[in-house]
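None of the figures in this text is laboratory data; all of them are computed from the coordinates on show. This one's a predicted model, so the numbers in the text were calculated from it and none came from an experiment. Cβ sites come from the backbone with ideal geometry, for glycine too, and all protein chains shown count toward neighbours.
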Amino acid sequence: MRQILLLVFIFILITNNIVAQTIELGSWNILNLKYSRTDKISFFAESQLRSLKFYSNFHYYEYKGGINYKVYKNVQLTLGAGSYQTFKEGGNFVLPKNNNEFRVWPQLIFFQSIGKLKIEQRYRAEFRFTSNGYRNRFRYRLGASYPFGKEKNEYKPFQFNVSNELFFTDNEPYFERNRLLFAFNYKPSKTATLQIGYLHQFDYKINDETGRDFLVIGYYYDIFKKSISNQKNDNEIKDN
């Protein structure tokens with residue numbers, strides 16, 4: 001475990017000294033907690049903190065929660081809601097805010113396995129109550145995850161994820177954003193996941209949260225009810 005954390009720290013230093021010299025690399029930090037009540041129903045809570053520069057110029061945070069319901073083995077429904085706060089550029093949490101938003105979002109996910117490779121399609125509708133009025137947005141994400149390493153306690157300790165997401169609205173010009181993520185996950189236990197990755201997004205017409213390139217650091221913790229704690233863990237694509 002110490003060796004893994006040391007490698008993550010070295011990676012962050014290298015990224016800061018080399019990559020950040022050529023691109024304006026921001027930080028994207030995630031803390032996610034999930035409680036599995038049954039094999040079909042689970043609850044989650046998540047917070048995110050983002051900066052436009054490398055752990056400087058913090059401009060965005062969000063906190064959200066919701067419920068997941070697995071309709072079938074390969075189909076999951078989610079209902080989530082949360083607060084999304086965007087500040088002006090030029091420093092840490094510069095006022096006045098660009099956007100003060102409350103958001104409700106139903107979501108549908110389809111899973112498909114091809115050998116060890118897991119394909120995921122995610123459809124999300126966002127009902128956005130912003131400081132600039134009500135808006136709708138629709139998102140589609142296609143992703144894949146590949147677990148590897150020596151299996152222990154019915155899970156593999158390493159996982160590689162890649163995903164691409166498109167953002168649309170119901171107003172012209174309709175297309176808003178494209179978001180691409182490459183991530184590496186390490187599971188020190190069945191319940192915990194550490195994530196490090198690189199996220200790039202292209203904004204065509206976004207008038208609140210900004211940023212182009214990010215180093216992603218995430219910690220995900222799953223709590224299982226005793227009656228389902230021995231079930232095999234799913235290698236799902238971690239949210240962003």
(request) Using +1 at the Cβ of each Lys and Arg and -1 at the Cβ of each Asp and Glu in segment 130-173, identify which of 161, 173, 131 lies farthest towards the dipole's positive end. (result) 161
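Among the trypsin sites (Lys or Arg not before Pro) within segment 61-90, which fall in a DSSP loop and have no more than 16 other Cβ atoms within 10 Å of their own Cβ?
On the way: sites: 64, 70, 73, 88; in loops: 73.
Filter output for segment 61-90: 73.
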(request) Could you name the lysines whose alpha carbon sits less than 23 Å from that of residue 40, not counting residues in the same chain fewer than 8 places away? (result) 64, 70, 73, 116, 118, 156, 187, 190, 225, 226, 232, 238
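What does the charge dipole of segment 26-227 about its Cα centre add up to, to the nearest 20 debye, if the Cβ of each Lys and Arg holds +1 and the Cβ of each Asp and Glu holds -1? Walk me through the numbers before you get to the answer.
Working: 31 positive and 18 negative charges, 154 e Å.
In debye, rounded to 20, segment 26-227 gives about 740.
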(message) How large is the translational diffusion coefficient of segment 26-227 in µm² per second when you combine the Kirkwood radius over alpha carbon pairs with Stokes-Einstein at 10 °C and 1.306 mPa s?
(response) 88 µm²/s
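Would you please put 49-60, 108-119 in order of how densely packed they are, using the mean number of other Cβ atoms within 10 angstrom per residue and starting with the highest? If you can, show how the numbers build up before the last one.
Numbers: 49-60: 19.0, 108-119: 13.6.
Ranked from most to least packed, the peptides come out as 49-60, 108-119.
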(request) Return the FRET efficiency for the residue pair residue 160, residue 95: r is the Cβ-Cβ distance, R0 is 45 Å, and the value is rounded to the nearest 0.05. (result) 0.70
(request) Under 13 Å from a label point 7 Å along Cα→Cβ of residue 134: give me every residue in segment 79-113 with its amide N that close. (result) 104
(request) Give a residue-ordered list of calculated ³J(HN,Hα) values for segment 83-93 (Karplus: 6.51 cos²θ - 1.76 cosθ + 1.60, θ = phi - 60°; whole Hz; x for Gly, Pro). (result) 10, 10, 10, 10, 10, 6, 7, x, x, 8, 6
(request) Can you work out the PRE-style zone for residue 61? Point 7 Å along Cα to Cβ, and I want the residues of segment 69-84 with backbone N under 20 Å. (result) 81-84
